[in-house]
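Down below is the structure, laid out as structure tokens.
The values are calculated or read from the model by the stated rules, or taken from the named source; none is laboratory data. In this text, all values refer to a predicted model and were calculated from it rather than measured experimentally. Note that each Cβ is placed from the backbone with ideal geometry, even for glycine, and that neighbours are counted across all protein chains shown. When the accessible area is computed, the model is the full protein with side chains, heavy atoms only, and any ligands, DNA or RNA have been set aside. Shrake-Rupley method; radii C 1.70, N 1.55, O 1.52, S 1.80 Å.
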Number of protein chains: 4
Amino acid sequence: VREPIRVAVAGATGYTGIELLRWLQGHPKVEVCRLTSEQYAGKRVSDVYPSFRGPGDLRLEPLAPATVGRDVEVVFSCLPHGTAAPVVASALESGATVIDLSADFRLRDVSVFERWYGPHPAPARLGEAVYGLPEFFRAALRGATLVAVPGCYPTGALLGLLPLARAGLIADGTVVVDSKSGASGAGRALRLDLLFCELEEGMRPYGVGGHRHLPEIEQELRRAGVEARVVFTPHLAPLRRGLLSTMYVPVRRSAEVAEAFEATYRSEPFVRLLGPGRFPDVRDVRGTNDVAIGWTELPDAGLAIVVTAIDNLGKGASGQAVQCLNAVYGWDERTGLDALALVP
Amino acid sequence: VREPIRVAVAGATGYTGIELLRWLQGHPKVEVCRLTSEQYAGKRVSDVYPSFRGPGDLRLEPLAPATVGRDVEVVFSCLPHGTAAPVVASALESGATVIDLSADFRLRDVSVFERWYGPHPAPARLGEAVYGLPEFFRAALRGATLVAVPGCYPTGALLGLLPLARAGLIADGTVVVDSKSGASGAGRALRLDLLFCELEEGMRPYGVGGHRHLPEIEQELRRAGVEARVVFTPHLAPLRRGLLSTMYVPVRRSAEVAEAFEATYRSEPFVRLLGPGRFPDVRDVRGTNDVAIGWTELPDAGLAIVVTAIDNLGKGASGQAVQCLNAVYGWDERTGLDALALVP
Amino acid sequence: VREPIRVAVAGATGYTGIELLRWLQGHPKVEVCRLTSEQYAGKRVSDVYPSFRGPGDLRLEPLAPATVGRDVEVVFSCLPHGTAAPVVASALESGATVIDLSADFRLRDVSVFERWYGPHPAPARLGEAVYGLPEFFRAALRGATLVAVPGCYPTGALLGLLPLARAGLIADGTVVVDSKSGASGAGRALRLDLLFCELEEGMRPYGVGGHRHLPEIEQELRRAGVEARVVFTPHLAPLRRGLLSTMYVPVRRSAEVAEAFEATYRSEPFVRLLGPGRFPDVRDVRGTNDVAIGWTELPDAGLAIVVTAIDNLGKGASGQAVQCLNAVYGWDERTGLDALALVP
Amino acid sequence: VREPIRVAVAGATGYTGIELLRWLQGHPKVEVCRLTSEQYAGKRVSDVYPSFRGPGDLRLEPLAPATVGRDVEVVFSCLPHGTAAPVVASALESGATVIDLSADFRLRDVSVFERWYGPHPAPARLGEAVYGLPEFFRAALRGATLVAVPGCYPTGALLGLLPLARAGLIADGTVVVDSKSGASGAGRALRLDLLFCELEEGMRPYGVGGHRHLPEIEQELRRAGVEARVVFTPHLAPLRRGLLSTMYVPVRRSAEVAEAFEATYRSEPFVRLLGPGRFPDVRDVRGTNDVAIGWTELPDAGLAIVVTAIDNLGKGASGQAVQCLNAVYGWDERTGLDALALVP
């Protein structure tokens, strides 16, 4: 591949879009060549986000599905679910590799997709997509042409659960995933409930017993052989960024929990194991592609408590999308992703 | 009783203290006569909290255990655990009724207390205290001389669990209590981790698997006949006030959950049942003595998810203390407590 | 007047509307009888604001200008400017007293109004309105039929400037008013720039050199004989509530500044003079109708720095509207307004 | 010079220290070799800030003034004023270049220093220091051995004022500097007034008429020939990071204001001129070394309003310290400093 590779970003002015641009601009093997935005077509990125500057500060174009993938090697889609699928299909037909941040290609079973999202616009492509969690699907990502970047909640949950699942440690019963997310996870949407005055000093659950990210968590746990039921409760916290998932996991052989984490993540550059009895704060991964994981075992209860912290726009979306890019091309996955958290 | 009754507040300048003063000053049957503060003795309340004014803006005195209960009918103690017990004992000997906001008299079993807090300074008094959750111990509160006001976490948890417990609906297994608290729950303490720069845009669990409020929750569930184990995880959220508890409860006869809540709380002035499928936000109880409760049943999983929201300084501390006062004297429990939440 | 008086609130579900309802429900001489809301007609207040409850939790009606003032003594209008004027005119024709929180009747000169807001829908009424700053227009408010409640910024500025103006202490030159406001001042509006993610950890000026509240400040200073120019810069701060105004005032006879404040405000129940060298924090007036004022003199520079803090929804809007109601009826102005700030 | 150069950081665990480490670790010409911390000696940086990792995650040493400058080319001092001066002197004697973030060498006149800070520990060195504002003292910085990095408030003020001052545009009269700062500007100090519960939803001025950064602003304006008086009012805003300065400047020839900004900053990599009538938000410089500047002229009033936004830990402290390092060595000043703001 001739470097830098040329990339396009569809839907560049939402929160995952602008975060992706931030990462891509610092990536030494990438040249950002095309940005689309329906709302701001004709303006530059810096007209929408005055903080942006540099070579990626291009003029925004209206989305043209037929040409979005032309003359670029990679198309990142930051479009909403439903809107993304036909654009993804067009871009694939142009010969581009597509890294899709929407939900459209995450679920492998059309009927499950349709139960949660409605009719799927390109069901034939479902089987093609590689689930973009590099810590677990690195081999499949190498050379992939369609990557479905996981949702923020599934990322936070699965990074804490899959090591135990793959080691056969999750017992039957109910896995409780209690997640607390920052507001940027809902996107840059004009919704009353996302106003500053409605969110600050507030805290509330939503989608109790029926959030769209549940089937995605379940799908991946099933693939790892877990039979346990998952109960998932997202909460909206007065944070811009950050996603903390506190998980109550029925385990067998709790003495092997630590080993499962250590064996799985020994060489992973973005995973920080805080070890038993030490727990993460979302502030410590702010602005990074890191995940921090703590856990404790309650052997009498047959439970482990596992807590993961990610930045919902970082490892939960755009950072992970860049990590997937690196994995597709076989580059060091840290390329362009070595920022430290902004603390305080 | 001659009204207004005369009251003293020991430890008046912490967060529970100043919140209590706010409530007491608006209470038509109370006259605040004595306020103590070690740190600010000699100053007025308004020197410490410039927002305070009115008849309760007294000069603060150093604490004198021997006389704190003299010439008053009621002593509220907002002192920390360990410090409170001897003062409570002195005040009781002076003939005052004591409403204690510390942990010193909440646990009935000395050995349990000592496992979590160290030696108890007045173990003989443990049996005397009435647990100050008026919705469940109203009869015992009437005329009580020592009230142990529950902790904020136990209040949030028990208001969601006791209706199910008393109806015999909690099955064996594990009750998960995942709580998210505002920072004022930690008091006005000079701790690095409570600085604005350490908390804003942060979210973290603490005391995982071993917080001092756990035995209090367990004690009250045991008294209500529940055998299930409790796993309790508190989190610190970037809120000043507010305590949301998301609870995962193994239930039998899930069809009876709604009825249990409705029967228990039908006439309770401070309880708002949002009903199945609707959930509370802490902002909606800010500055009040209210608790808002939502729930949903997951019959396939044999679980109910119950969510309660309180203001940790309101129903979680000082508001409840005033409600206990009303209950002790047999007054309408709403007296002095009818504020609406400050929204937005 | 037979008490309680019957009142209607037009535009009850915006932020000034819900705050007004909070105050009115606690007012012993008022019965809330009619609430209008275009957006939520048919619902109850508590459907929109789950924190609301009590006798004021009425069903919302669509606004009917011809009948909004029927069968009530007072109509509060929380409608936006332009929308308010015809409703106000109708209500006045029904014989109701109107307390208008919009800008429609604040400016006395039609040409000034039209320069900032466009054509005025009821210019003949301009002369009728009493400017609702009770500390300065109490006599005129008594028995008034139309009250124009000042804007939040003018209230914050004028409470700091008028005592000096009336004492003839403001010299020629430029008065700088640098104000920092919470986001609720912008109302419950679906605007991208009011989203949590756009405001938290932000701080910015707006309307520099040309905000609509400037002519209102100028008008009242002119009435008080001040010739100095006013430069006014509002800022949006990451607060829900609170409005701090830091003012740099050219003064003559700076030794008389303190006396001017003390003489003006000696008997005012809502004004706290912190005195020279002590300055307010907006948190100390949160949720109240209070204003806190601090100042210092810089005699060498011929300047005084005056700082005022109000709650933009309290003294800056709905609290002041209730104070005006009290003034119109000659009641103790504190009636229904004696809340303490919610601190912390 | 052999690259990477070796550097030490004294006082590495305060907020300016950790921010400096973040920048230095990403700097390709620097190797961090020694870190001191009295409070955390013996621990690693990541024990204090769990977000930190990488080659700079060294073990912290107690400060040894005699050896802090040994075997390194540069010592950064993030020590508090008073503590810094003797360490700086020792390091200079060891032959190291010192970049000092304290106030100890910013003021050139000992008597001015002593009026605000008390006795100076190394007055002989005062004349040696170069004031570390590269946009204005770049030539003097090249090869300097002692750099006094400006305070955050003076940086924010001077970047807006010096272009006008040097062009002779500031008229006699009073320059008002009204600044709003995030809490990290006060450092990681155990102070009650910096607690989350004391700051969130608050806004207050402090040091009115007498803040220590005033003489620093005055000194640099005097050097640029300005006779006008400066009135400076800092405010504490509920931000972690960010410093907005709104300045009211008496100007002559207001038509030349834009030109003065453009001529001064045409080639400056960290300065963004938003142009007349467009104003900055602190969020847009968060985590960067940028300054954003907007202004408007009010010719009738003979005033310009100039607004600058910086990150108080970036351009206001540690970012600028790294820019000074680059200037001392004659490197491209952007080296290691090209981060984009973290938005949202």
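Can you confirm whether D:PHE232 is surrounded by 20 or more Cβ atoms within 10 Å (Cβ to Cβ), closer than 27 Å to C:GLU200 by Cα, facing chain C (nearest Cβ under 10 Å) and modelled with pLDDT of 95 or more? Judged against the criteria, D:PHE232 is not a match. Could you please find all residues in segment C:216-229 being more than 13 Å from C:CYS152 (Cβ to Cβ), open to solvent by less than 10 Å² (accessible area, probe 1.4 Å) and part of a helix (DSSP H, G or I)? Those that are more than 13 Å from C:CYS152 (Cβ to Cβ), open to solvent by less than 10 Å² (accessible area, probe 1.4 Å) and part of a helix (DSSP H, G or I): C:GLU220, C:LEU221. Here B:GLU218 meets the list (1) out of contact with any helix residue (DSSP H, G or I) (no Cβ under 8 Å at 6 or more places or on another chain); (2) farther than 25 Å from B:GLU114 by Cα almost entirely, failing just condition (2). Among residues that are within 14 Å of chain D (Cβ to nearest Cβ) and either in contact (Cβ under 8 Å) with a residue 12 or more places away in the chain or within 30 Å of D:PHE279 (Cβ to Cβ) (or both), A:TYR117 is not included. Determine, yes or no, whether C:ARG241 is at negative phi and surrounded by fewer than 22 Cβ atoms within 10 Å (Cβ to Cβ). Criteria not met by C:ARG241.
Among residues that are at pLDDT 95 or above and over 18 Å from the mean Cα position of the chain (by Cα), C:SER102 is not included. What number of residues in segment D:157-193 are within 13 Å of chain C (Cβ to nearest Cβ), among the hydrophobic types (A, V, I, L, M, F, W, C), closer than 19 Å to D:HIS235 by Cβ and touching a strand residue (DSSP E or B) at 6+ places or on another chain (Cβ under 8 Å)? Counting residues in segment D:157-193 that are within 13 Å of chain C (Cβ to nearest Cβ), among the hydrophobic types (A, V, I, L, M, F, W, C), closer than 19 Å to D:HIS235 by Cβ and touching a strand residue (DSSP E or B) at 6+ places or on another chain (Cβ under 8 Å) gives 4.
Taking the conditions (1) free of Cβ contacts under 8 Å to residues at least 40 places away in the same chain; (2) more than 14 Å from every other protein chain (Cβ to nearest Cβ) in turn, A:LEU221 satisfies each one other than (1). Of all residues in segment D:127-164, those being in a helix (DSSP H, G or I) and among the hydrophobic types (A, V, I, L, M, F, W, C) number 12. Residues of segment B:244-260 that are among the small types (Gly, Ala, Ser) and surrounded by fewer than 24 Cβ atoms within 10 Å (Cβ to Cβ): B:SER254, B:ALA255, B:ALA258, B:ALA260. Within segment D:134-147, is there a residue that is away from every other protein chain (no Cβ under 14 Å) and of a type in the set (Lys, Arg)? For segment D:134-147, residues away from every other protein chain (no Cβ under 14 Å) and of a type in the set (Lys, Arg): present.
Restricting attention to segment C:1-31, the residues that are closer than 16 Å to C:SER51 by Cβ and among the aliphatic types (A, V, I, L, M) total 5. Would you be able to say whether some residue in segment C:22-37 is more than 14 Å from chain B (Cβ to nearest Cβ) and at positive phi? Scanning segment C:22-37, I find no residue that is more than 14 Å from chain B (Cβ to nearest Cβ) and at positive phi, so the answer is no. At least 3 residues being facing another protein chain (nearest Cβ under 8 Å) is the threshold, and among the strands (runs of 3 or more DSSP E) wholly inside segment B:251-335 those reaching it are B:291-298, B:303-310. Number of residues in segment B:179-207 that are in a helix (DSSP H, G or I), more than 16 Å from B:ALA317 (Cα to Cα) and open to solvent by 30 Å² or more (accessible area, probe 1.4 Å): the value is 2. Can you pull out every residue in segment D:120-151 that is modelled with pLDDT of 95 or more and not hydrophobic (A, V, I, L, M, F, W, C)? Selection gives D:TYR131, D:GLY132, D:PRO134, D:GLU135, D:ARG138, D:ARG142, D:GLY143, D:THR145, D:PRO150, D:GLY151.
Consider A:ARG53 carefully, then state whether it is of a type in the set (Lys, Arg) and within 14 Å of chain D (Cβ to nearest Cβ). When the stated conditions are applied, A:ARG53 passes them. Taking the criterion of being open to solvent by less than 10 Å² (accessible area, probe 1.4 Å) and of a type in the set (A, V, I, L, M), the residues of segment A:261-288 that qualify are A:VAL282, A:VAL285. Of all residues in segment C:1-26, exactly one satisfies the criterion of being closer than 18 Å to C:GLY185 by Cβ and among the acidic types (Asp, Glu), namely C:GLU19.
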